[in-house]
Amino acid sequence: QMRLEESGGDLVQAGGSLLLSCSADKSIDDATIMAWYRLASGKVRELVASVTISGDTVYADAVRGRFLMTRDNAERTIRLQMNNVKVDDEAVYYCNADFDRYQYWGQGTLVTVSS
């Protein structure tokens, strides 16, 4: 079992920035993919960004160029730097660790965007 804990969710004004973090209680070195997902009200959960074990990063079209995801295995942490935040970014953001056979999810952190 692995516990993931997100932090950093807050109320942010549109156009502002926010930094989300996700800390694991165990090593993430062997996680094939570490990712951020989000679930907005009335929508389905969507992938925001992911980083593979080799360091390849993928972003959803909606956030590319505005968000930056980093993975720090030594700190067992992933982060999501959110810049130029938009109203459509409002959602609960979840951290995900994919070890192929197993996946772990955090409890989520709420990002609220004011226009």
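The values are calculated or read from the model by the stated rules, or taken from the named source; none is laboratory data. Bear in mind that the values here come from a model prediction, so they are computed numbers and not experimental data. Here the Cβ positions follow ideal geometry from the backbone for every residue, glycine too, while neighbour counts run over all protein chains shown. All accessible areas refer to the heavy atoms of the entire protein, side chains included, with ligands and DNA or RNA removed. Shrake-Rupley method; radii C 1.70, N 1.55, O 1.52, S 1.80 Å.
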Counting only residues that are among the small types (G, A, S) and open to solvent by 20 Å² or more (accessible area, probe 1.4 Å), which one in region 17-37 is farthest from the chain's Cα centre (by Cα)?
S27
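Would you check if A49 is assigned to a loop (DSSP other than H, G, I, E, B) and small (G, A, S)?
On the way: assigned to a loop (DSSP other than H, G, I, E, B): no; small (G, A, S): yes.
Criteria not met by A49.
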Those residues of region 78-107 that are surrounded by fewer than 17 Cβ atoms within 10 Å (Cβ to Cβ) and assigned to a loop (DSSP other than H, G, I, E, B) come to a total of 8
Would you please list the contacts, defined by Cβ atoms under 8 Å and residues six or more apart or on different chains, that run from a residue in region 82-105 that is in contact (Cβ under 8 Å) with a residue 12 or more places away in the chain to a residue that is assigned to a helix (DSSP H, G or I)?
M82/D89
Unmet requirement for L110, which otherwise passes all of (1) out of contact with any helix residue (DSSP H, G or I) (no Cβ under 9 Å at 6 or more places or on another chain); (2) surrounded by fewer than 21 Cβ atoms within 10 Å (Cβ to Cβ); (3) without any contact (Cβ under 8 Å) to a residue 60 or more places away in the chain; (4) closer than 21 Å to D10 by Cα
(3)
In region 61-77, what residues are of a type in the set (A, V, I, L, M, F, W, C), open to solvent by 50 Å² or more (accessible area, probe 1.4 Å) and within 10 Å of the chain's Cα centre (by Cα)?
L68
Could you tell me which residue of region 58-77 is nearest to M34 (Cα to Cα), considering only residues that are among the acidic types (D, E) and assigned to a loop (DSSP other than H, G, I, E, B)?
E75
